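The values are calculated or read from the model by the stated rules, or taken from the named source; none is laboratory data. These numbers were taken from a predicted model, which means no experiment stands behind them. Using ideal geometry, Cβ is built from the backbone for each residue, glycine included, and neighbour counts are taken over all protein chains shown. Surface areas here come from the heavy atoms of the whole protein model, side chains and all, with no ligands, DNA or RNA. Shrake-Rupley method; radii C 1.70, N 1.55, O 1.52, S 1.80 Å.
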Amino acid sequence: MQALGIDIGGSGMKAAPVDVATGKFVTDRLKIATPRPAVPDALADVVKQLTTSFSWSGPIGITFPGVVTDGVTRTAANLDRKWIGVDAAALFGRATGGQVRVLNDADAAGVAEMTFGAGVGQKGTVLMLTFGTGIGSALFAEGVLVPNTEFGHIEIRGHDAETRASERAKELHDMSWGKWAGRVDEYLQHIEALLSPDLIIVGGGISKQSAKWVPRLTGIRARVVPATLLNDAGIIGAAMAAVARTGR
């Protein structure tokens, strides 16, 4: 079974058809820059463009960087506030001409990692964190997802954690790997105090360079491992959600 996965990020929108039985891309992925301002109609146009590029007519799953309940976007920290309260599933359905499943981006990435990546066979409490424009989170208890956790917004030193420890924060403040890893370590200590996870999987674009910063995370008890699927996890998880929605 195949489905199209579309992963909406603060800086880019990526898509690829996925074989959901194996978690593998059927063709190379396509990426288009996220429009600015990132308002609903502009993103819907890109979703339509991505779908058309693959001549796609089957199930479609789309991630969103914020809280999503029943296809409605409730928060939009790294996009435009006009997204709050939008029925994104209906909007994207009109743009693509098909039935669409919309879910939180980190939740999608986490499901993919638990099925095909670093979380396979893991018991207990597992936390997936995605470091990019912000910090996304997906929490699993004995393999069951607790959706829409949004732990990137916990407060550290009076600020949202993602404003200090996201990949964008590293770039914005031109931090060295050591300084940035120190901020990530502090963030993870707060997370560990709240959740006591057995495993933390770190993903997002910066996970490709995990050797430069994961070994520097020494202040926590939990085991920390890079995502196996790297920055493709969101696309794969979106496609999986699309198939789950259709019941196939």
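From the list Gly121, Gly152, exactly one residue is surrounded by fewer than 17 Cβ atoms within 10 Å (Cβ to Cβ), of a type outside the set (Val, Ile, Thr) and not in a strand (DSSP E or B). Which is it?
Gly121
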Quiz item: Gln99 versus (1) touching a Ser or Thr at 6+ places or on another chain (Cβ under 8 Å); (2) at pLDDT 95 or above; (3) of a type outside the set (A, V, I, L, M): which is the lone unmet condition?
Solution: (2)
Practice problem: Determine the pairs where a residue that is on the phi > 0 side of the Ramachandran plot, located within segment 184-201, has a partner that is modelled with pLDDT of 95 or more with Cβ atoms under 7 Å apart, the partner being 6 or more residues away or on another chain. | Solution: Ser196/Thr125
Quiz item: Are any residues in segment 103-116 open to solvent by less than 10 Å² (accessible area, probe 1.4 Å) and part of a strand (DSSP E or B), and if so, which ones?
Solution: Asn104
Practice problem: Could you list all residues from segment 10-23 that are open to solvent by 20 Å² or more (accessible area, probe 1.4 Å) and at pLDDT below 95? | Solution: Ser11
Quiz item: Does Gln189 satisfy being part of a helix (DSSP H, G or I) and over 19 Å from Ala109 (Cα atoms)?
Solution: yes
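Each row is one residue, and each column tells you yes or no for (1) in contact with a Gly (Cβ under 9 Å, 6 or more places away or on another chain); (2) closer than 23 Å to Asp7 by Cβ.
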{"residue": "Thr163", "(1), (2)": "yes, yes"}
{"residue": "Lys170", "(1), (2)": "no, yes"}
{"residue": "Asp185", "(1), (2)": "yes, no"}
{"residue": "Ser207", "(1), (2)": "no, yes"}
{"residue": "Trp213", "(1), (2)": "yes, yes"}
Self-check item: First in segment 53-73 and farther than 13 Å from Ala16 by Cβ, second anywhere and modelled with pLDDT under 95 and among the hydroxyl-bearing types (Ser, Thr, Tyr), Cβ under 6 Å, 6 or more apart
Solution: Pro59/Thr246
Self-check item: Looking only at segment 197-218, and only at residues there that are open to solvent by 70 Å² or more (accessible area, probe 1.4 Å) and outside any helix (DSSP H, G or I), the one that is nearest to Ile235 (Cα to Cα)
Solution: Asp198
Quiz item: Inside segment 37-91, can you point out the residues that are surrounded by fewer than 15 Cβ atoms within 10 Å (Cβ to Cβ), assigned to a loop (DSSP other than H, G, I, E, B), touching a strand residue (DSSP E or B) at 6+ places or on another chain (Cβ under 8 Å) and not aliphatic (A, V, I, L, M)?
Solution: Gly85
